[in-house]
Amino acid sequence: MSAVGSSNPEYVVARVRARRGKLYSDEEYRKLTRMGPAEIARFMEESTYEAEINALGSRHGGVDLIEYALNRNLAKQFEGILDWSEGRLYDLIARYLRKFDARNVKTVIRGIYVDASTEEIEVDLIRAGEFDDRRIRRLLEAESIEGVIEVLDDTIYGPALEEAYPAYEESGILVPLENAVDRTFYDHLLSELGRDEPTRQYESFLTAEIDFRNARNALRLARSGADIDPAEYFIEGGDLFTRDTLARLARNLDELVEYIAESQYADDLGPALRELEEADSLIAFEHATDAALLAYGDQLGTIHPVSVTPVISYILAKEREVQNIRAIARGKEAGLSDAEIEEELVIL
Amino acid sequence: MFEATSELGNVVLQEGQGTLTNPSAAAALAVGLAALGAGYAERGIGSAAVGAMAEDEGLFVNGLILTVLPETLVILALVVVFLV
């Protein structure tokens with residue numbers, strides 16, 4: 001790196017912005033909702049997903065083809081971003097993309113737990129995180145959960161998993177291991193972030209995401225009325241809840257809704273909260289949190305044009321697109337009407 | 001690099017009766033500094049342009065034009081050479 005810093009962020013941001021322009025627009029979503037699975041696959045073949053649809057077309061069909069093509073394209077795009085970026089930018093982006101590593105580790109552990117075959121596990125992985133192909137292959141080849149932990153020994157997940165293993169052996173359920181993975185991910189997400197302005201914006205975005213996640217978990221617990229200790233699901237690093245407030249509020253749905261309605265997120269989530277009170281439906285609330293995050297990410301991308309924020313904004317938009325197309329395809333498969341599917345989409 | 005530039009400026013100004021008493025030398029310095037500035041500006045633009053081209057080859061012409069735009073700084077600075 002030269003004395004004035006490298007010009008790597010400019011390069012990455014330019015590429016990411018070009019990709020962002022290729023995401024599906026509202027108009028295209030409207031077309032997609034009127035198509036069947038086969039037509040959606042053909043539509044995707046004519047856009048950015050061409051390579052994936054062609055590569056997978058002979059082995060899978062229907063909605064599975066769409067789903068695997070989406071996952072593979074997502075992985076390819078995010079791997080690309082990690083490939084291009086260096087230094088500080090890499091560190092900031094990898095923090096967020098590690099959530100795919102966490103997801104993959106959980107998938108492999110669950111797969112081994114239910115005795116799924118290697119192929120079955122493999123198609124469910126999204127290779128978008130920091131792990132390289134070699135480590136993923138070693139993960140897939142591991143025959144026991146102990147083996148998985150050994151493979152992850154030199155990663156950030158190693159120590160936490162080792163610590164959680166006795167608890168798993170004792171109880172025979174996966175919760176301790178999965179919690180260990182999640183907690184490691186969130187611990188690293190916010191630790192030692194820099195102090196410059198774009199990074200602070202990034203940090204407040206991550207905080208909002210953690211807050212929403214806590215709020216969702218609490219709402220689900222409060223509504224199901226299950227006798228689970230909410231503190232066990234609490235994720236550190238948020239602004240809105242502390243461990244104690246969450247534990248207290250998760251017992252009472254009305255108080256919880258009121259608490260969120262008085263928080264700094266009231267403007268974004270207000271209508272959804274009212275709906276939650278009236279219709280008792282969590283779906284609207286979860287969509288509202290998604291839409292609020294997406295709007296926030298959109299805004300992020302314009303304030304500091306050459307920094308990590310446009311990249312994160314793209315990553316969010318891409319994830320959303322993948323989820324939207326999956327929702328359309330799965331909805332069609334299940335025979336939902338166009339209007340019902342449109343409700344499932346999160347579009348700005 | 002910026003620190004180095006301002007230091008250079010200080011040295012030049014302090015030795016008032018030294019180098020800068022010669023107009024040609026001063027003009028040469030002006031052009032040189034302008035070129036440095038142009039180079040610094042092109043650094044970011046160039047890398048962004050290459051990134052955009054990697055995604056879409058049709059952007060080659062636009063990228064090239066935008067990359068060399070700061071070059072006008074040097075051309076304007078060159079006017080100084082003819083004025084002194």
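Tabulated values for the structure
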| quantity | calculated |
| --- | --- |
| Accessible area (Å², per residue) of the protein assembly as shown, counting only protein heavy atoms and a probe of 1.4 Å | 52 Å² |
| A:Thr155-B:Asp56 pseudo-label distance in nm [points 7 Å out on the Cα-to-Cβ vector] | 3.6 nm |
| Total accessible surface hidden between A and B, rounded to 100 Å², 1.4 Å probe | 1000 Å² |
| Inter-chain shielding of A:11-23 (mean C-beta neighbours from other protein chains, 10 Å cut-off) | 4 |
| Ordering of A:35-47, A:19-31 by burial proxy (mean other Cβ atoms within 10 Å per residue, highest first) | A:35-47, A:19-31 |
| Gain upon complete extension [A:Val306, A:Asp132; 0.36 nm per residue less C-alpha separation] | 59.9 nm |
| The stretch B:36-78 - percent relative contact order, Cα under 8 Å, separation 6 or more | 48 percent |
| Computed FRET value (nearest 0.05) for A:Glu120 with A:Arg251, which takes r as the C-beta separation and R₀ as 51 Å | 0.85 |
| Residue-averaged 222 nm ellipticity for the protein assembly as shown, from DSSP H runs of 4+ at -39500 (n - 2.57), nearest 500 | -24500 deg cm²/dmol |
| Violating pairs (Cα-Cα greater than 18 angstrom) within the set A:Lys22/A:Lys76; A:Lys76/A:Lys332; A:Lys22/A:Lys318 | A:Lys76/A:Lys332 |
| Surrounding net charge for B:Asp56, when Lys and Arg each add one and Asp and Glu each subtract one, Cβ distance under 13 Å | +3 |
| Distance between modelled label sites at A:Glu45 and A:Ser144, nm, 7 Å Cα→Cβ extension | 4.7 nm |
| Highest to lowest packing among B:57-67, A:322-332, A:154-164, scored as the average C-beta count within 10 Å | A:322-332, A:154-164, B:57-67 |
| Two-site label geometry, B:Leu66 and A:Glu343: point separation in nm, points 7 Å out along Cα→Cβ | 4.3 nm |
| Rh (Kirkwood; distinct C-alpha pairs) - the protein assembly as shown, Å | 25.2 Å |
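The values are calculated or read from the model by the stated rules, or taken from the named source; none is laboratory data. Predicted model only: the values in this text are computed from it and were never measured. Backbone-built Cβ (ideal geometry, glycine too); neighbour counts: all protein chains shown. These accessible areas exclude ligands, DNA and RNA; they are computed on the full protein's heavy atoms, side chains included. Shrake-Rupley method; radii C 1.70, N 1.55, O 1.52, S 1.80 Å.
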